[in-house]
Amino acid sequence: FNRISITDETKDSWMRFLRGISEEDREVNVARWGKAGQAEHASVASFAKFTLELMCVAAPPSLLHWAQKASAEEIEHAQLSFGIASLFGINKNSHAKAIVPGPLPVHGVAIGNDMNTLGSAVMKDGVIGETISAVEMGIRRDAAVALNLPLLSDALQMLLKDETSHSLLAWNTISWLISCDHQVVRSVRSTLEGEINSYCSERPDLTASDEYSKLVNVAPCDMVDAYGWINDDWRFAVGLYCLKYIIEPTLEALEKRIFNSELPVAVTGEHNKVENHVNSENAIASEFTASSSSQSGIEYVRTRITKFAGIQLHPQASFP
């Protein structure tokens, strides 16, 4: 746990915590954190592929640096998740079996240089996937603090900050791609609309405003189980809220900002002309201070993303 301070007090708190957990619950948490570790481990490869794709469209160095940093963070996330899985498996003699990832399946990886295809993929996996993940981590962090879950609150705090940064990487990539070729916005918007329609068709009896009302009127600890995992019904609410109240209005504002600018539309070999549309990773990282601890998890993610787009969301989308 390179970025989490483990003191003797933390160790004692964890052992007291484990003594109150049934063997069945321990096994469930070993499996769930192990599965989370596998997903984080696979993300290392995903970001490596993303870096290659950025290079194929001559992306600016700031995006390449950010993508490489995100890949390294996914290694830490995998180590953290597997480590927590191992800690849940500690036996009565205080011995834990190390849980580690297996080999990555070998298969071909297709790398293209089409900006529209890349834009669609970044919207689905980066903007949508990372934003929803960041908000979920925020809720789980808040719940872990309220439930006084030792170690887990610090781990989820780290994941909250990093997943938010990864979401901002995706937003910056979308911004740069649209600046290079305004036609990319069609692919990006089509992907977003497809995801929203998918959510709505899955639960036609619910609306985004219904899910919003649920989220603002329920404490985070009531959205999770005893170990900080979000219940399935709340995951749906979080996803729809992110799509309709964070991502959709942010994309609209981003389009207006880019299309109203006087920057030239880049052509092949001239992409760096629009690099000033990319907010540097260092500037974004400087915002990750104590604010992530003082704000609710949802508000932390929302304000970071909307500040990137330079907008103030409708009051209905604001959390108290």
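Yes or no: region 139-153 includes at least one residue that is at positive phi and either at pLDDT below 95 or open to solvent by 10 Å² or more (accessible area, probe 1.4 Å) (or both). Before you say what the answer is, go through the steps one by one.
At the first step, the residues of region 139-153 found to be at positive phi are 148, 151.
Still in the running and either at pLDDT below 95 or open to solvent by 10 Å² or more (accessible area, probe 1.4 Å) (or both): 148, 151.
Yes, region 139-153 contains at least one residue that is at positive phi and either at pLDDT below 95 or open to solvent by 10 Å² or more (accessible area, probe 1.4 Å) (or both).
Restricted to region 167-247, the set of helices (runs of 4 or more DSSP H) holding at least 3 residues that are under 30 Å from Ser62 (Cβ atoms), in contact with a strand residue (DSSP E or B) (Cβ under 6 Å, 6 or more places away or on another chain) and open to solvent by 20 Å² or more (accessible area, probe 1.4 Å) is empty.
Let's see how each residue does on (1) closer than 16 Å to Leu168 by Cα; (2) at pLDDT 90 or above:
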site: Ser46; (1), (2): no, yes
site: Leu54; (1), (2): yes, yes
site: His65; (1), (2): yes, yes
site: Ala70; (1), (2): yes, yes
site: Ala85; (1), (2): no, yes
site: Ala98; (1), (2): no, no
site: Pro101; (1), (2): no, no
site: Leu104; (1), (2): no, no
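Taken together, the criteria place Asp232 among residues that are under 18 Å from the mean Cα position of the chain (by Cα), farther than 17 Å from Gly126 by Cβ and of a type outside the set (S, T, N, Q).
Across region 116-128, the number of residues qualifying as within 22 Å of Ala78 (Cα to Cα) and open to solvent by less than 30 Å² (accessible area, probe 1.4 Å) comes to 4.
Scanning region 49-78 for residues that are under 17 Å from the mean Cα position of the chain (by Cα), open to solvent by 30 Å² or more (accessible area, probe 1.4 Å) and without any contact (Cβ under 8 Å) to a residue 60 or more places away in the chain yields Gln68, Ala72, Ile75.
Among the residues of region 17-33, is there at least one that is basic (Lys, Arg) and at pLDDT below 95? Yes, there is a match, as at least one residue in region 17-33 is basic (Lys, Arg) and at pLDDT below 95.
With respect to the stated conditions, Trp171 is among the aromatic types (Phe, Trp, Tyr), within 25 Å of Ser71 (Cα to Cα) and touching a Leu at 6+ places or on another chain (Cβ under 8 Å). Condition check: assigned to a helix (DSSP H, G or I), at pLDDT 95 or above, touching a Leu at 6+ places or on another chain (Cβ under 9 Å) and within 24 Å of Lys161 (Cβ to Cβ). Does His77 satisfy that? So His77 fits the description; yes.
The values are calculated or read from the model by the stated rules, or taken from the named source; none is laboratory data. Only a predicted model underlies this, so the values are computations on that prediction, with no experimental measurement involved. Neighbour counts run over all protein chains shown; Cβ positions are idealised from the backbone, glycine included. Each accessible area value is taken on the protein alone, full model and side chains, heavy atoms only, with ligands, DNA and RNA left out. Shrake-Rupley method; radii C 1.70, N 1.55, O 1.52, S 1.80 Å.
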